[in-house]
Amino acid sequence: MSSISVAMTVNGTRVSESVPARTLLVQLLREQLGLTGTHVGCDTSQCGACNVLVNGRAVKSCTMLAAQADGAEVLTIEGLESDGQLHPMQAAFKEHHALQCGFCTPGMVITAIDLVANDANPGEATIRKYLEGNFCRCTGYHNIVKAIAAGAEAMRS
Amino acid sequence: MADNGIGASVRRVEDDRFLTGRGTFTDDIDRPGQSHAWIVRSPHANAKIKSIDIAKAAAAEGVLAVFTGADMAADEVGSLPCGWDITNRDGSAMKTPPHPPLAVDQARHVGDQVALVIAESRALARDAAELVAIDYEPLAAVTATAAANKPGAPQVWDEIPDNLCYDSGWGDEAATDAAFKQAAHVTTLELINSRIIPNPIEPRVAIGEYDAGNGKHTLYTTSQNPHVIRLLMGPFVLGLAEHKLRVVAPDVGGGFGSKIFHYAEEAIVTWAAKKVGRPVKWTAERSEAFVSDAHGRDHVTTAELALDRGAKFLGFRVRITANMGAYLSTFSTSVPSFFCTSVLGGVYTTPAVYAQIKAVFTNTVPVDAYRGAGRAEANYQLERVVDKAARELGIDPVELRRRNLIPSSAMPYMTPMALEYDSGDFAANMDACLKAADYAGFEQRRAAAAKQGKLRGIGLSVYVEAAGLGPSHLAGKLGAHAGLYESAEVRVHPTGSVTVFTGSHSHGQGHETTFAQVVSEQLGVPLESIEIVHGDTDLIPFGMGTFGSRSIAVGGSAIMVACDKVIAKGKKIAAHMLEAEEANIAFADGVFSDSASNQTLTLGDIALSAYVPHNYPLDSLEPGLDETAFYDPPNFTYPNGCFICEVEIDEETGAVAVVSFTAVDDFGTVINPMVVAGQVHGGVTQGIGQALLENCTYDGDSGQLTTGSYMDYTLPRADDLPTFAVEHNEIPCAHNPIGAKGCGEAGATGSTAAVINAVINALAPLGIEQLDMPATPHVVWRAMQAAKAAAAE
Amino acid sequence: MYDFTYHRPATIADAAAAFKACAEAQFLSGGQTLLPIMKQRLAKPANLIDLAGIAALRGASVDGQTVVIGATTPHADVAGAAEVRSTIPALAALAECIGDPQVRNRGTIAGSIANSDPSADYPAALLGLGATVRTDRREIAADDFFTGLFETALEEGEIITAVSFPVPKKAGYAKFPNPASRYAIVGVMAVETAAGVRIAVTGARPCVFRATSFEAALGASLSSAAALPAFPADGLNQDIHASAEYRAHLVGVMTKRAIAAAT
C-alpha cells in the first residue's frame, strides 16, 4: 500500500502523520487525530456533515485527500471555542435551538462561519442558498437560518 | 412553575457537546483491537446464490475472516423476527418468511446481505470484498406494489403464493357497505403514498465486542431502542440470554423510525466478534443505507367517502396494498394495518369505517415505520378525499370539514375503529390556523401571484394521531409481541442531586433537557443537579424506546410516577425525622413540611438520611432513595391539529414553491415550547419532502434502486423550505399524569395532505384533480400538459 | 477508493513528465468529481497527479477584451473575482451556481470541463461565450473541445492550463437544476457578440451543444421579444427527473430566462 507523509496545522497545532495515500482528510481527522466532531453523512459529497475550514474556506473533508491538505491550516468544530467560551456562532445555534440530533451540526456551524466571512450580514435568502451543501434531517432548517443570522450579528459586534 | 420546569423554553443541556464536537456517536467509538467489517451485498433484485468462493478474499491483505450465510446457519443463528402478527380476513395467520442475517441460498433485494469480510481496516475489508466470488443465477423480480399481487408476478418467496403476506380487514364492513348504499354522494380517489427512504444524517453503525473472560457480548449500535434490540437479537436471533448481552446506543444522529428495527448488521457484528476474537465494527456508507435501512410508506390506495345530502360523512372505505419489501422488518406488518386503519375516522364523526389491507412482498428493501407511520398514510388518504369531495360538491373545504368535525363537547369520543379520543378541540385548532394563515385573504394573494405568472394554491389538513404507544393489553390483542410501557428509575443521591435512567432514548428529541424539566418541576431540584441517562441496557431497568411519539407521554409519565414514589417515600422519612404524622407532611418545591409544626426538611436532607439512616424508620422502610416505575398507559394519546400550506407554482416549469406553512397543534401539556416547535418544523419538513421532493423508485425490469444516492433522492434543503408559523393549542391529555400527548410525528402526519391539497388547489383551475407525491416540477408540468391537451380537445 | 500513488509536481513540465512516466495515471485538480467517483470505486487510477502545487495554473485575470481563468481556479474564485464580475457577470453567476459553497471552494474549471459531464454548468459557459481552452500543447476552441458524453478533444496526458473568454456584448445564464443533485437538468448560456448570438445548452443532450435553431431565430441580438421555435425532443436526455419532452420545453424556457438575465 502506498503511504505518504502529510503535515498540517489542525486547530492551531502542527501535526504530521504517515497515512495511506488514499486517506481522506476526514479520515485523517477522525481516525488518526481523534477529532470525531467532524462527521460523515454521505458518500456523494453533498450532505456537508464533514465540512471543515481549510485555509479559511469551508470544504468537504470527505472529498479531499489528506495529501491535498498538506501544508494547510485546518480548523474543525473542536477548534472554535476560545478560552472555554463557545464561538458566537456556536452560541447562536444553542440559543436558537438550531440542532436536534447534533450530527449535521459541526458542518452547519463551519458553513455558517464561512458564510459570514464572505457576507457579514446575510439575509434569509442568502443563508438558505448558502446551506445548499448542508443537509439537516431534524430541524427543517427554520432555526438554523435564524441562528446563522443571529450568529452573524454577534460576530459583527 | 419552576423557572426551568414544565412550560419553559429551556436551552438544551445536550447542545454543548454537539456544538463543540464532543458528542459520542457510534462511529466515534473505537474499541481496543477493533477490526472492520465490510458486507458484500447482492447486486441483483432476485437471484439464487449458486456458490460463494471466499478463498481469494480470505487470503487478501489484512483479512481476518470471511463468512457467509452458511457459517451463521451452522452456528444456528436464527431469523430476524417480525414483532407483530396480523390475522387474515379468513382468520388464518399471515405469512412470515425467514430472514437470516446473511442470505443463504437466495438474495431477494438489491443490497441484501450475502457475505461478510472482516479485516484490519475498512478499506482492506472493502478491497477483499471484491474478491468474494459469488455465482448468482438472476431471477425475475417484482418491485412495484401494485404489481406484486397480480397473477403471474415474479415470486419473492416460492412458498408464499401471489406474494401475499396478509389480507386483513379492519372496521365494520357491513355497516360501511350499508352507509355507502344510503349515500347521496360518493367520492372516490385512487392514490399512491410514495415510498420514502428515511435518511437520518447519521448512517447506521454497529460494533460487536465479546469478553471471553465473562462470556458477555456488547453491541454498540445506532438504535432508538437498545432494549428492544437486546431482546430481539439476544434470545431470538443469537440465542444469548439478556444478562450476557449489553446493548449501548450512545448519541444517535436521528432515526425517524428507521433506527427502531433490529437489523442484520447488528447480529452479524455481535456474532462475528466472538468468531474472530476481536471487536468488529461496521459503518454504513450512505449508499449502503439507501439499500439496507428500512424504507417507509409505499401504499397503493383506493379511498371512498360516502356523504349524505347535507354533506355529512356517512362512511369511509379504503382498500390498500402495502409493500413489505422482501422480508418482514420488525414492526412492518403493523404499519399499514393497525397504525393506519385505527385512525381512519380522523377528526370526523364518520360513523362507519372499513379498511381492507393487503400486504405484499416485493424484491425491495424491507419497509417499516417512518415518522408518522400508518397514521400519516391514513391522514393523507382521508384529507385528500375530503378535499376532492368538497370540489365535487362545490363546498368550501373548510366548510365541509366544519360540518363533520367531532365537537369538543363529544369528548371522550369512541370512534368506529374502537379508539377513545380523550380530549381535543378540532374546530378550535382549525379556526386558529385559518386565522394565523389569513385564509380569508388568500384570494387576494392568488390574484397577486397570477400577475407574476404564478399559480397560487392553499390547502389544509386537519389531523389526529394515535400516539403515545400504548396500552400493552390492547397491543397484545392486536398482534404485537411486545409490551408498550416505559420504565424510569429516579435515583436521588445522598446530597440531593438526581440521576434519572429512562428507557426513552434521545436522538434529537432533547430528552436530556425536557425530562430534566419534568424532574425539576416534580422534585424542586435545579436542572444542573439532574442528569438524564439513556441508551445502555446495563444501566437502564428496561425500555421500549423512542417511537410513536411516546417519549414524553409514556417515558415522561414513568418519570412522573417514579418521582411520586420518591416523594411518597420521602414523606415517610420526613415524618419520622420530624416526629410528625405522615398525613401532615406536604411536599412542594423540593421541601417537605409538617403542617402541624411548620418544620421543614429539604429533599437533600431526606436523601442524606436515606443513605445515612441513623435517624430513620429502618423497621418499616428500606434505606436509599431510588425508585423505579414501569408506566403502562391506559389509552393512546391523540395529538391533533390543523395545518395550512400555501404554494406557488411556476406555470412555465411546474416548479412548486412552498410560500407559507402554518401549524396549530394540540400536544396536550407542552414541556418545552422551543423543543416542541422544533419537532413540528422537522416533521413538517419531512412531509413537505415527501409531498414535493423525495421519491424512492425502483427500475421495474431490473429491480435496481434508481434513487440510490443524494444525486437522485432529493432530501429537502434549506432553500426548498419556508419559515414556519407554529402555534400550540394545549388541551392536556386526560389520562396520563403529565398531560402530554406527544409531538414527534404530528408534523409528518398532517403535512403531506396540506401540501398536495394546496398544489391541487393551485392547479384546479386547469382542470387537474389528482397528482401523486412527489409533486416534482416534472410531475406538475406533465399534469399541466395533459390538462391543456384535454382542454384543447 | 482503491490504492494509488500520489504525485504533486511543482511545474507543468513535471506534471507532464510524471504522467508519461506513470502507468494508469490521472490528473487531479479540485477532485470534486474525481474523488467521489474514486470513492465509489468507479475510477481506479494507479497514479494520481495533483496539479494544485502548480501556482501558474491558478487565478483569474483580464487581458484587454479577454478574461483568462487559470485551470485550477476554484469556482468560488471565479464567482467572486471583481475582474470577472465586471467584465462577464454571467460567467461569475454561472460559477456561483455550480454545486454548493464547499464544492465551489475546491472544484476547478479545468476539472469540470475535462470531465465533460453532460449536466455540468461550465461547458455551457465555454461554448456559449466562444472560449478557448489553452493546454500545454495547443489552443482548442470550445466548439471543438466538447466531443461527447464525458469526452473531450484532450489527448492522453494533455494538461489544461487556462481558459480564455472573449468579453461579449452581453450574456446571461439560466439553469433549471436537478432537485436532488443540483446539476443542470437544463442550463442555457445566451450570449450576444459582435459576430452574432450563441445559445449553448447543457444538461439536455449527452454533450453540451448550441441551439442553432434559436440562434437563427434570434439573429444578431438577444431580444426577449423574439419568438423561438419549439425545441425538438429528439435525442434529448431522459431520466427519472425529466423526460426528453420536458427537457425540450425547458430548453425554450431557460433560453428566454437567460436572455432576460443577460447583461
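Do we find that residue C:100 is at pLDDT 95 or above, buried (at least 22 other Cβ atoms within 10 Å of the Cβ), touching a strand residue (DSSP E or B) at 6+ places or on another chain (Cβ under 7 Å) and among the acidic types (Asp, Glu) in this structure? So residue C:100 fails the test. Contact map, the range C:29-40: first residue within 7 Å of chain A (Cβ to nearest Cβ), second residue in a helix (DSSP H, G or I) and among the small types (Gly, Ala, Ser), Cβ cut-off under 7 Å, separation 6 or more or different chains; pairs are C:32/C:111.
Can we say residue B:460 is surrounded by 23 or more Cβ atoms within 10 Å (Cβ to Cβ), assigned to a strand (DSSP E or B) and hydrophobic (A, V, I, L, M, F, W, C)? Considered against the rule, which asks whether it is surrounded by 23 or more Cβ atoms within 10 Å (Cβ to Cβ), assigned to a strand (DSSP E or B) and hydrophobic (A, V, I, L, M, F, W, C), residue B:460 comes out as yes. Which one is nearest to the other protein chains (Cβ to nearest Cβ) among residues in the range B:14-28 that are among the β-branched types (Val, Ile, Thr) and buried (at least 17 other Cβ atoms within 10 Å of the Cβ)? Filtering the range B:14-28 for residues that are among the β-branched types (Val, Ile, Thr) and buried (at least 17 other Cβ atoms within 10 Å of the Cβ), the one nearest to the other protein chains (Cβ to nearest Cβ) comes out as B:20. Per the listing B:787, B:754, the residue uniquely in contact with a Cys (Cβ under 7 Å, 6 or more places away or on another chain) and part of a helix (DSSP H, G or I) is B:754.
Taken together, the residues in the range B:595-615 that are closer than 16 Å to residue B:568 by Cβ and in contact with a helix residue (DSSP H, G or I) (Cβ under 7 Å, 6 or more places away or on another chain) amount to 5.
Going by what's in this entry, would residue B:503 be described as at positive phi and in the same structural domain as residue B:590 (by TED's automatic domain parsing)?
No: the conditions fail for residue B:503.
Annotation: residue B:97 fulfils all but one of (1) away from chain A (no Cβ under 14 Å); (2) out of contact with any Phe, Trp or Tyr (no Cβ under 6 Å at 6 or more places or on another chain); (3) touching a residue at least 12 places away in the same chain (Cβ under 8 Å); the unmet one is (2).
Does residue C:141 fit the bill of being over 17 Å from residue C:15 (Cβ atoms), outside the structural domain of residue C:255 (by TED's automatic domain parsing) and buried (at least 24 other Cβ atoms within 10 Å of the Cβ)? When the stated conditions are applied, residue C:141 does not pass them. Among (1) touching a residue at least 40 places away in the same chain (Cβ under 8 Å); (2) assigned to a loop (DSSP other than H, G, I, E, B); (3) within 17 Å of residue C:256 (Cα to Cα); (4) not aliphatic (A, V, I, L, M), which single condition is residue C:214 missing? If we test residue C:214 against (1) touching a residue at least 40 places away in the same chain (Cβ under 8 Å); (2) assigned to a loop (DSSP other than H, G, I, E, B); (3) within 17 Å of residue C:256 (Cα to Cα); (4) not aliphatic (A, V, I, L, M), just (2) comes out false.
Evaluated against (1) of a type in the set (A, V, I, L, M); (2) facing chain B (nearest Cβ under 10 Å); (3) without any contact (Cβ under 8 Å) to a residue 60 or more places away in the chain, residue A:115 falls short on exactly one condition, (2). Candidates are the residues of the range A:45-82 that are farther than 11 Å from residue A:110 by Cα and among the charged types (D, E, K, R); the one that is nearest to the other protein chains (Cβ to nearest Cβ) is A:81.
As a summary of the residue check, residue B:665 satisfies the conditions (1) surrounded by fewer than 24 Cβ atoms within 10 Å (Cβ to Cβ); (2) touching a strand residue (DSSP E or B) at 6+ places or on another chain (Cβ under 6 Å) except for the one numbered (1). Considering the range C:63-93, and only residues there that are aliphatic (A, V, I, L, M) and in contact (Cβ under 8 Å) with a residue 40 or more places away in the chain, the residue that is nearest to residue C:109 (Cα to Cα) turns out to be C:71.
When restricted to residues that are part of a helix (DSSP H, G or I) and within 13 Å of chain A (Cβ to nearest Cβ), the range B:649-694 contains 19. If I filter the range B:34-45 for residues that are on the phi < 0 side of the Ramachandran plot, within 14 Å of chain A (Cβ to nearest Cβ) and part of a loop (DSSP other than H, G, I, E, B), do I get at least one hit? Checking the range B:34-45: at least one residue is on the phi < 0 side of the Ramachandran plot, within 14 Å of chain A (Cβ to nearest Cβ) and part of a loop (DSSP other than H, G, I, E, B).
Here residue A:59 clears all of (1) surrounded by 24 or more Cβ atoms within 10 Å (Cβ to Cβ); (2) among the aliphatic types (A, V, I, L, M); (3) farther than 26 Å from residue C:34 by Cα except the condition numbered (3). I'm checking my understanding of the structure. Among residues of the range B:219-276 that are among the aromatic types (Phe, Trp, Tyr) and over 20 Å from the mean Cα position of the chain (by Cα), which one is farthest from the other protein chains (Cβ to nearest Cβ)? If we take residues in the range B:219-276 being among the aromatic types (Phe, Trp, Tyr) and over 20 Å from the mean Cα position of the chain (by Cα), then B:236 is farthest from the other protein chains (Cβ to nearest Cβ).
Listed here are the residues, each with its yes/no results for (1) at pLDDT 95 or above; (2) surrounded by fewer than 24 Cβ atoms within 10 Å (Cβ to Cβ); (3) touching a Pro at 6+ places or on another chain (Cβ under 6 Å); (4) outside the structural domain of residue B:707 (by TED's automatic domain parsing).
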site	(1), (2), (3), (4)
B:213	yes, yes, no, yes
B:217	yes, yes, no, yes
B:220	yes, no, no, yes
B:224	yes, no, no, yes
B:231	yes, yes, no, yes
B:249	yes, no, yes, yes
B:266	yes, no, no, yes
B:279	yes, yes, no, yes
B:283	yes, yes, no, yes
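Among the residues of the range B:737-749, none qualifies, meaning not one is within 14 Å of chain A (Cβ to nearest Cβ) and of a type in the set (S, T, N, Q). When the range C:186-204 is filtered for residues that are small (Gly, Ala, Ser) and farther than 21 Å from residue C:242 by Cα, the ones remaining, listed by number, are C:190, C:194, C:195, C:196. Taking first residues from the range C:243-255 that are away from every other protein chain (no Cβ under 11 Å) and under 10 Å from residue C:231 (Cα atoms) and partners that are crowded, with 19+ Cβ neighbours inside 10 Å and among the β-branched types (Val, Ile, Thr), the Cβ contacts under 8 Å between residues at least 6 apart in sequence or on separate chains come to C:251/C:186; C:251/C:188; C:251/C:201.
Of the residues making up the range C:183-209, those that are within 14 Å of chain B (Cβ to nearest Cβ), crowded, with 24+ Cβ neighbours inside 10 Å and of a type outside the set (A, V, I, L, M) are C:187, C:203. For residue C:12, state whether it is within 24 Å of residue B:128 (Cβ to Cβ) and either within 13 Å of chain A (Cβ to nearest Cβ) or aliphatic (A, V, I, L, M) (or both). No: the conditions fail for residue C:12. Of all residues in the range A:83-113, those satisfying the criterion of being within 16 Å of the chain's Cα centre (by Cα) and surrounded by fewer than 23 Cβ atoms within 10 Å (Cβ to Cβ) are A:86, A:87, A:88, A:91.
The values are calculated or read from the model by the stated rules, or taken from the named source; none is laboratory data. Note that the coordinates shown come from a computational prediction; the quantities given were computed from them, not determined experimentally. All Cβ positions, glycine included, derive from the backbone under ideal geometry; neighbour counts span all protein chains shown.
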